[in-house]
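Before any comments, here is the structure.
Derivation of every value follows stated rules applied to the coordinates shown; laboratory data play no part. All values derive from a computational prediction rather than experimental measurement. Here the Cβ positions follow ideal geometry from the backbone for every residue, glycine too, while neighbour counts run over all protein chains shown.
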Amino acid sequence: MKPDERFPYAAGHLIEKRHKLKVNGLNMAMSGNVSMHSINNFLNLGLKFKPNIAIFMENINDYAMLYHEHSYWNDHPNRSLLSKGILLRNNLTGNPWDGVRIPTSTAARSLVRNLCFGLIPHLSTRLSRLISWRKSAPYPGDPQDLRWKEPQPFDLDRIESDFRSSLRTFIVVARAWGVQPILMTQPNRWPHSVDVDAPRSIKYFMQQKAITTIDYGKFLSGYKRLQRAIIDVAAEEGIPVIDLEAAVPPDTDHLFDAVHLTGKGSLVAAEYISRQLENLGLIPR
């Protein structure tokens, strides 16, 4: 989407227009990051800008990581907490408000790959077994595909416990540095079941990015449980929560796959977030 449609920027811009304030919205998101990566970025990059408010939204990445790797501390070649790969490479340009960027070559490869899987899914699946879409030693091919195809014990209690601990870690860090922490639920359009009528984008996301080695019903109930955990932790810690899941319509106009917003969806999110910050009394008059 266009940079000015991304909700961290757009929410700040709406507040600027309504209240005649100077607002900087820093987008610290990074593709594939789990909450512990985000805490690392917040601690080592975000805090130097002395923010007033930090809004934290995670779910599906943590869910998949904690299921497949059993812990935030793992040796995944691309997603470990101490990885030197692209997921932790923060290429801030001269203008820090541009946000954290994925290298152009990586984005281009991902675009071509996703286009091929969208247009010719069966042929692309076969070709992906013959060629390496991504070279990442010591695992040939896509390391995530290789590691995440094996069934794992579905210990949802452990997954939720670790996720709650990570959310609380963010809250403690924010409070220690005088920043108002806010938790936010993740907008999504997971269908009730993955069948022949499920959108292709949802099926692809499940096959490549989420959890395919357990029953979909179990997966969906676990996702909803983590959404509930976000709300519960906010209440237990006495901080605000923004229920973005309830604000963004679960359709193709607003979400282009299971959890990623379209430009239209992002602007809806920005409007809702900015209004919530106003209603919470967090915008200085």
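Between Q152 and N27, take the C-beta separation as r, use R0 = 35 Å, and let me know the FRET efficiency to the nearest 0.05. Provide the component values of the computation, followed by the final result.
Working: r = 32 Å, r/R0 = 0.92.
Efficiency, rounded to the nearest 0.05: 0.65.
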Report the calculated FRET efficiency for R164 and N52 (r = Cβ-Cβ distance, R0 = 25 Å), to the nearest 0.05.
0.50
Quick one: which of K218/K264; K203/K264; K149/K203 span more than 27 angstrom between C-alpha atoms?
K218/K264
Amide H neighbours of F56 under 5 Å, counting only residues 5+ apart in sequence or on other chains, H built in-plane at 1.01 Å?
I182, L183, M184
Quick calc, D243 & M1: beta-carbon distance into FRET formula, R0 25 Å, rounding 0.05, result 0.65
Where in the stretch 174-194 does the label zone of K264 land, with the point 7 angstrom along Cα→C-beta and an amide N cut-off under 20 Å?
187-191
